[in-house]
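Novice: One structure is given below, represented as structure tokens, and several questions about it will come after.
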Amino acid sequence: MTLIIGLTGGIGSGKTTVANHFHDNYHIDIVDADLVAREVVAVGSLGLKAIADKFGAGVLHNDGTLNRVTLRELLFADSSNKQWIDNLLHPMIRQRMQQQLTQVRSPYCLLVIPLMVENNLQSMADRVLVVDVSPTTQIERTLHRDGVSENQVRAILKVQASREQRLAIADDIISNDDESQDLEEKIAHLHRKYLALCD
Ligand code: ATP
């Protein structure tokens, strides 16, 4: 079985940027929890069918895709709905990630799980790599990228795990407050380390 490096970090920390470097520079395979989470509710999936059966066709767009805004409102209105969705989708997501991990061809792979701490998924990985930035950097970069308000970003930071909680599960840390050149060197160093661990 391939060495699995779990990659996590808060909103706007640079997870996607880091994962893309590993993939583009070193051809490392990526399993991405966010992509998998979309697949399990794609048109024709069991996940989407179960959601439509429970909440009715109003939770679908006319083209049959999931209406995330309506679903979010339903979850917000009633926390038992949120629990129901989590109970439905989390096992599906875990199972599909496991299945994708069996297809990995690179010497090691990255398992990108933004909410690793929140959903207690660190045991899916052999090691955990945390992309760490200050809250100030998180806010600045997310504002810049998404064009949202500072208050919106702060509200998300508040419901996510804290910087300290993420660092507590880290085996390796990439500090990403600095500029990109520095980041490439850090990734090159970790790549050599992970290859050595695979031997
Ligand atoms: P999210 O969880 O919100 O999807 P993320 O952790 O995947 O975010 P990225 O999208 O990779 O984060 O990065 C957030 C923003 O910060 C992007 O616009 C990205 O280009 C920028 N960024 C990331 N790393 C750096 C860096 N070292 N220097 C400058 N900008 C950076």
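No lab work stands behind these numbers, since they all come straight from the coordinates. Nothing here was measured: the structure is a model prediction, and the numbers come from that model. Positions of Cβ are generated from backbone atoms using ideal geometry, with glycine treated the same way; all protein chains shown enter the neighbour counts.
Novice: Suppose we keep just the DSSP beta bridges with both residues in the chain; what percent of those would be antiparallel, to 5?
Specialist: Close to 5 percent.
Novice: How far apart, in nanometres, would the label points at A42 and Q98 be if each is projected 7 angstrom from Cα along the Cα-to-Cβ direction?
Specialist: 2.1 nm
Novice: Within 10 Å of each residue's Cβ, count the other Cβ atoms and sort M92, M97 from fewest upward.
Specialist: So the ranking, lowest neighbour count to highest, is M92, M97.
Novice: What list of ³J(HN,Hα) values in whole Hz, one per residue of the range 163-168 in order, does the Karplus curve 6.51 cos²θ - 1.76 cosθ + 1.60 (θ = phi - 60°) give from phi, with Gly and Pro shown as x?
Specialist: Per-residue couplings from phi come out as 3, 5, 5, 5, 4, 5 Hz.
Novice: While we're here: In nm, to one decimal, how far is the R192 label point from the R68 one, both placed 7 Å along Cα→Cβ?
Specialist: It is 3.9 nm.
Novice: Based on the alpha-carbon gyration tensor of the chain and its eigenvalue square roots a ≥ b ≥ c, which shape applies: rounded if a/c is under 1.5, prolate if not and a/b is larger than b/c, or oblate?
Specialist: Here the chain falls in the oblate category.
Novice: Please compute the volume of the convex hull spanned by the alpha-carbon atoms of the range 34-105 and report it per residue in Å³.
Specialist: Details: hull volume 6.4 nm³, N = 72.
Convex hull of Cα atoms, per residue: 89 Å³.
Novice: 5 Å is the cut-off here: which amide hydrogens, built 1.01 Å from N in the peptide plane, fall below it relative to S175, excluding neighbours closer than 5 in sequence?
Specialist: Amide H neighbours of S175, under 5 Å, 5+ apart: D132.
Novice: Further, regarding this structure: What nm distance separates the two modelled labels at S149 and D24, each placed 7 Å from Cα along Cα→Cβ?
Specialist: In this crude label model, S149 to D24 measures out at 3.4 nm.
Novice: Rounded to the nearest 10 degrees, what's the angle between the helix 79-101 long axis and the longest principal axis of the chain, both from Cα atoms, 0 to 90?
Specialist: Once rounded, the angle reads 50 degrees.
Novice: From the backbone phi of the range 141-147, what are the Karplus-calculated ³J(HN,Hα) couplings (6.51 cos²θ - 1.76 cosθ + 1.60, θ = phi - 60°) in whole Hz, Gly and Pro given as x?
Specialist: 6, 5, 4, 5, 6, 9, x
Novice: To continue, here is another question. Only counting other Cβ atoms within 10 Å, I'd like S106, S79 sorted with the fewest neighbours first. Please list the in-between numbers first.
Specialist: Details: S106 17, S79 9.
Lowest count first: S79, S106.
Novice: A further question follows. Working out 0.36 nm times the residue gap between D53 and D199, then minus their Cα-Cα distance, what length gain in nm do you get to one decimal?
Specialist: Full-extension gain reported as 47.7 nm.
Novice: Hey, another quick one. Please list 3J(HN,Hα) in residue order for the range 19-34, calculated via the Karplus relation 6.51 cos²θ - 1.76 cosθ + 1.60 where θ = phi - 60°; whole Hz, with x for glycine and proline.
Specialist: Per residue, the Karplus-derived 3J(HN,Hα) values read 4, 4, 4, 4, 6, 6, 8, 10, 6, 7, 6, 10, 10, 10, 4, 5 Hz.
Novice: Which whole-number percent is the relative contact order of the range 34-105 (Cα, under 8 Å, 6+ apart)?
Specialist: Over the range 34-105, the number comes to 30 percent.
Novice: On to the next question. Can you compute the FRET efficiency between S175 and S80 using 1/(1 + (r/R0)^6), with r the Cβ-Cβ distance and R0 = 45 Å? Round to the nearest 0.05. Walk me through the numbers on the way to the answer.
Specialist: Working: r = 40 Å, r/R0 = 0.89.
That pair, S175 with S80, gives E of 0.65.
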